[in-house]
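The values are calculated or read from the model by the stated rules, or taken from the named source; none is laboratory data. Quick caveat: nothing in here was measured; it's all calculated off a predicted structure. Virtual Cβ from ideal backbone geometry, glycine too; neighbours counted across all protein chains shown.
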Amino acid sequence: MSITKLRSLTGRSSSKCISRLYSNGVYERNFSDNVDIFLLSFSLLDLVITNACNKNNIPIKKFQCYVSKLTDPWANLAFEEWEHQIPIIRRKSGGGSVFHDIGNTNYTLITPRKNFTRAYAAELVANAVKTRLDIPAYVNERHDIMIDSFKISIFLNWHCNAEYTRAYHHGTMLIDTDLNQIGRYLRVGKKNLITKGVQSVPSPVTNLRKYSSTVNHHSFCKSVLEEFRERCCDHLNDMQPVYVDESMISEIPKIVEYLEELKSWDWTFGQTPEFTHEFEESFTWGHMKAFIKSRDGIITAVTLTPSNIEYENLSAILEDSLEGSKYDNEGITQAVSKSLVDVQLSNTSSIGVITPSTSSSIRNPHEILMDIGNWIVKSL
C-alpha cells in the first residue's frame, strides 16, 4: 500500500523560485516511486533571482518576465524596455511568456500520475475562487481560469511523462496586477522575426480585485488550501503549511544547483530556439538592410546590405565580427568595438573606405559602425 504525503509550501520570502524549486525536487523523484505525493505551493514575486539578467546588473525587484524553455524571448518580449531593468527568467517548463509583479500569485500542484487530468488543478483553483471567495470563476476549454471571458489564470505547463509517477501543474493568478504593464513588456509577433520557438497567444485579462475589494494573496492562498485539503487530504485536517525561505536553499544542493542555472546567461538565452530577423533603416549617409540568423542566443549568420556600395567592405568587416557573437546588447557592442579596431589596423584604401578628408560625401567609418551597432541593439 502506498503512503500519501501531503504538503503545502508558501514562500515566506515571496519567492516563486524557492517554492517551485522545492516542487521540482518533489516531482523529480526525491521521494520513492511507491509514495503518492500531493503538494500545493504558493509564492509571490521571485526576489531570489531578480538580478539574474538585469541590463546593468542592478537588482530591481518590482517586475519580472518569465519565458518557457521553448520560447524565443526576442520574439515575445519588449527588449527596448530593458532600460527599465526588467529581469528575464527562463523556466524549465513549456507554455507562453508571463509577466509578474507583486499582484500576481503563483501556484503549483503535484499529484500522483493516476490522479492527473488536464483540468484537475484548474478546476480545483477555480472552484476555490468561486465557492470560497464568491467570485464567478470558471474553466474554459483551454483549461485557463476565466471570469466574464477574461483570463485571470493560466496554466503554464503540465507534466505527465510516462517515466514519472507524479504529475506537475503550475499556474498564475492575477489578483491585483498592473495590467497596463503586461502590454508594455510582453510583445507577440515582432515584425520580420521568424522563430522556431513557441509563440505566446495574447488574451484579454482581468484581476480578481475587480470582483472583490478584499481579495489578496493571503485570502486566495487560504481558499485554495482549503479546497486542496477537502479534495486531497480530508483525513488530515491538522496539516499545516511549511514556510520556505532562502535559508533552506543551502541545505539542499540540488536546489542550489537549479538556482545557479536559472541565473546563468547560458540557460536564460543560450537555450533559445533558432530564429531569423530582418530589419532596415535609413541614415544620413544611406540606407542599410540587415539579416541575422541566431541559435542558442548566438549569431550564426549575418548579412548587412548598404545602399551605398562605398560601405560594402566596411559592412563585411562588421559581419565577420558579429558572427559568433551573443545576440544581445553586450555581444553586439563588443562586435562593433572589434570592428573599430580592425578598421584602425587595416589600410584604409584596401578596405574601400574613403575618409572625410578625401571625400566630403563619405562619412567617417567609425561613425558608420557606431550608427549600425546602435541600430542593431535598438532593433533587438
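Residues in the stretch 173-193 that are among the polar types (S, T, N, Q), touching a His at 6+ places or on another chain (Cβ under 9 Å) and surrounded by 13 or more Cβ atoms within 10 Å (Cβ to Cβ): 1 in all.
Between 312, 319, 323, the distinction of being over 27 Å from residue 195 (Cβ atoms) and acidic (Asp, Glu) belongs to 312 only. Selection over the stretch 100-127 of residues that are in a helix (DSSP H, G or I) and surrounded by fewer than 24 Cβ atoms within 10 Å (Cβ to Cβ) gives a count of 7.
Tell me, please, whether a residue that is modelled with pLDDT under 80, surrounded by 13 or more Cβ atoms within 10 Å (Cβ to Cβ) and touching a Leu at 6+ places or on another chain (Cβ under 8 Å) can be found in the stretch 208-230. There is no residue in the stretch 208-230 that is modelled with pLDDT under 80, surrounded by 13 or more Cβ atoms within 10 Å (Cβ to Cβ) and touching a Leu at 6+ places or on another chain (Cβ under 8 Å).
Here residue 254 clears all of (1) outside the structural domain of residue 195 (by TED's automatic domain parsing); (2) touching a Leu at 6+ places or on another chain (Cβ under 9 Å); (3) of a type outside the set (Ser, Thr, Tyr) except the condition numbered (1). Might you check whether a residue that is of a type in the set (Ser, Thr, Tyr), at pLDDT below 80 and either outside the structural domain of residue 98 (by TED's automatic domain parsing) or over 28 Å from residue 296 (Cα atoms) (or both) occurs anywhere in the stretch 165-185? Within the stretch 165-185 (the criterion being of a type in the set (Ser, Thr, Tyr), at pLDDT below 80 and either outside the structural domain of residue 98 (by TED's automatic domain parsing) or over 28 Å from residue 296 (Cα atoms) (or both)), the answer is yes, since at least one residue qualifies.
Does residue 135 count as modelled with pLDDT of 85 or more, crowded, with 17+ Cβ neighbours inside 10 Å, out of contact with any His (no Cβ under 7 Å at 6 or more places or on another chain) and part of a loop (DSSP other than H, G, I, E, B)? Judged against the criteria, residue 135 is a match. Restricting attention to the stretch 176-222, the residues being under 30 Å from residue 275 (Cα atoms) and part of a loop (DSSP other than H, G, I, E, B) number 14. Of everything listed in (1) within 30 Å of residue 112 (Cβ to Cβ); (2) more than 19 Å from the chain's Cα centre (by Cα), the single unmet condition for residue 173 is (2). Among the residues of the stretch 110-125, which ones are among the polar types (S, T, N, Q) and out of contact with any Leu (no Cβ under 9 Å at 6 or more places or on another chain)? Residues satisfying the conditions are 115, 117.
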